[in-house]
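Just below is one structure, and these are the notes that go with it.
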Amino acid sequence: QVTLVESGGGLVQPGGSLRLSCAGFGSAERFYRMGWYRQAPEKSRELVAKMTRGGTENYADSVKGRFTISRDNARNNVYLHMNDVKPEDTAVYYCNGELGIYTYWGQGTQVTVSA
């Protein structure tokens, strides 16, 4: 059974930094694409960043220049480096992985940006 497990969320002050990690288990194959989505209260889930195993990256306009996605393809891990965070970045962050025709989601990790 393929699972994704996130870690690294928490409380951070505006302007601070945080790193989210996601580990993929249960697959000998590398995910084609891995990424991060987020969902704030009363809002729809939205893309934050994603990366193919070949290294092609995509970012939401709201995080460009502040967040960086990286991958460890050998371990099916993906990371989100968050810098200069803002209160509007507060949300539950979900790891996402695509393998063949299937899409997998982690359980989510809460990020709260507040003074």
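The values are calculated or read from the model by the stated rules, or taken from the named source; none is laboratory data. This structure is a prediction, so every number in the text was calculated from the model and none was measured. When we count neighbours, we look across all protein chains shown, and the Cβ atoms used for this are built from the backbone with ideal geometry, even at glycine. Keep in mind that these areas ignore ligands, DNA and RNA; they rest on the heavy atoms of the full protein, side chains included. Shrake-Rupley method; radii C 1.70, N 1.55, O 1.52, S 1.80 Å.
If we only count strands (runs of 3 or more DSSP E) wholly inside region 1-95, which ones have 2 or more residues that are touching a Lys or Arg at 6+ places or on another chain (Cβ under 8 Å) and either open to solvent by 20 Å² or more (accessible area, probe 1.4 Å) or at positive phi (or both)?
The qualifying strands (runs of 3 or more DSSP E) are 33-39, 46-52, 57-59, 77-82.
Considering only residues that are at pLDDT 95 or above and closer than 14 Å to residue 102 by Cα, which ones fall in region 1-32?
Within region 1-32, just 4 meets the criteria.
Considering region 96-115 alone, what residues qualify as being part of a loop (DSSP other than H, G, I, E, B), within 15 Å of residue 36 (Cβ to Cβ) and open to solvent by 50 Å² or more (accessible area, probe 1.4 Å)?
Hit for region 96-115 is 107, nothing else.
I'd like the full set of residues that are of a type outside the set (Ser, Thr, Tyr) and within 17 Å of residue 44 (Cβ to Cβ), limited to region 69-110.
88, 89, 91, 92, 96, 105, 108
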